[in-house]
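All remarks here apply to the structure that follows.
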Amino acid sequence: MAGILEGKVALVTGGASGIGQATAVVMAREGAVVAVADRAEADAAATVALINAAGGQAIAIGGDVTREADVAVMVARTVAAFGRIDCAFNNAGIAPRAVGPAGQRIHELSRDAFDSMLAVNLTGVFLCLKYEVAQMLSQGRGGAIVNTASIAGLIGLATSSHYVAAKHGVVGLTRSAAIEYAQDGIRVNCVNPGYITTPMTKETVEERGDEILAKVPMRRMGVPGEIAEAVAWMCSDKASFMTGAAHVIDGGYCAA
Ligand code: NAD
């Protein structure tokens, strides 16, 4: 049976680990050829090896989404390898721990930490959108883009204000882009995961796992594949009337 992404070319950022890796693998399983971009290039190559081992086709691209020149190269190399871009998953991101000590309230947060967070989790998404949309417009055949936001893009979380601000920004960018490019056949949505078991959440779960699970009606963490399946669907033609949506997948966290 043909996959839901048969014949599509996909670009996945943050594809070396966690949610991005799982999504690259699912997209390939569903028939897409996949460019796996990440600043951790060796780990992106490992994702490519997984895809190849399953009979799919992929390439690894090293690059940092905070650098405009790197993002331009991610798009250009995808097009050089596969001829165009039909779908993109703008997913590269960092947690609060990557920019400073965990548990800081706003008055304790440094300007540098705030700027570094926004550079990856918001400006990185803007840069990817900018170059992907330009490419899709030049192709004239539409496209589908999914940005990774978070439940932190819809609700506040204490001691993560910079992360929350960036993710709310991703939801806003997604909605504006959806409106701007609807007439061009380019759909732009975001996915809003709750707590998912990945390297990013490992330490937080070790420290506060019980406290977090007490707030999740399903009383468990999600796994990356549970986000990946939805993203692949959102990128497919099955989601043809879906644009500007913030798709929550959180075991009921926001509902509660
Ligand atoms: P992860 O740490 O497993 O993967 C993130 C990937 O992004 C890594 O491979 C990393 O190298 C890459 N990356 C980071 N900064 C980059 C940069 N500047 N340029 C290029 N690549 C970069 O984390 P994950 O949990 O899979 O997170 C993926 C996305 O999902 C992030 O945007 C994160 O904020 C979001 N998210 C995660 C959860 C969760 O519970 N894990 C919940 C909500 C949202």
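Taking 0.36 nm per residue of separation and subtracting the Cα-Cα distance, what length does fully extending residue 182 through residue 223 add?
Details: separation 41, 0.36 × 41 = 14.76 nm, distance 3.14 nm.
11.6 nm is the gain from fully extending residue 182 to residue 223.
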Inter-site label distance for residue 81 and residue 207 at 7 Å from Cα along Cβ, in nm: 3.6 nm
Only Lys, Arg (+1) and Asp, Glu (-1) charged, at Cβ; the range 9-247 dipole about Cα centre in debye: 340 debye
Most fluctuating residue given options 36, 205, 120, as computed from a GNM of the chain linking Cα atoms under 10 Å: 205
Exceeding the 25 Å Cα-Cα cut-off - candidates 130/202; 8/238; 167/215; 8/130: 130/202
Distance between modelled label sites at residue 46 and residue 102, nm, 7 Å Cα→Cβ extension: 2.1 nm
Pairs of alpha carbons in the range 9-247 whose separation is greater than 32 Å (percent): 15 percent
Within a Gaussian network of the chain (alpha carbon springs, distance under 10 Å), most fluctuating of 125, 216, 75: 216
Among 134, 178, 58: highest mean-square fluctuation, GNM of the chain, C-alpha pairs under 10 Å: 134
Selection from 126, 239, 213 lying farthest towards where the dipole of the range 9-247 points positive, charges on Cβ: 239
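May I ask you to derive the relative contact order of the range 9-247, considering only C-alpha pairs under 8 Å and at least 6 residues apart, and to give it as an integer percent? Mind showing how you got there, number by number?
Working: 465 pairs, mean separation 49.1, N = 239.
The value is 21 percent.
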Cα principal axis extents for the range 1-105, largest first, Å: 51, 28, 22
Mean-position separation - Cα centroids, the range 211-244 and the range 79-103, in angstrom: 17 Å
Mean ellipticity per residue at 222 nm, deg cm²/dmol - from DSSP H runs of n ≥ 4 across the chain, formula -39500 (n - 2.57): -13500 deg cm²/dmol
Estimated inter-spin distance, residue 237 and residue 139, nm [label 7 Å along Cα→Cβ]: 1.4 nm
Residues whose placed amide H lies under 5 Å from that of residue 222, excluding near-sequence neighbours: 195, 196, 197
Isolated Cys residues of the chain, judged by Cβ distance under 4.7 Å to other cysteines: 128, 190, 254
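FYI, it's all coordinate maths here, none of it is from the lab. All values derive from a computational prediction rather than experimental measurement. Heads up, the Cβs are rebuilt from the backbone with ideal geometry, glycines too, and the neighbour counts pull from every protein chain shown.
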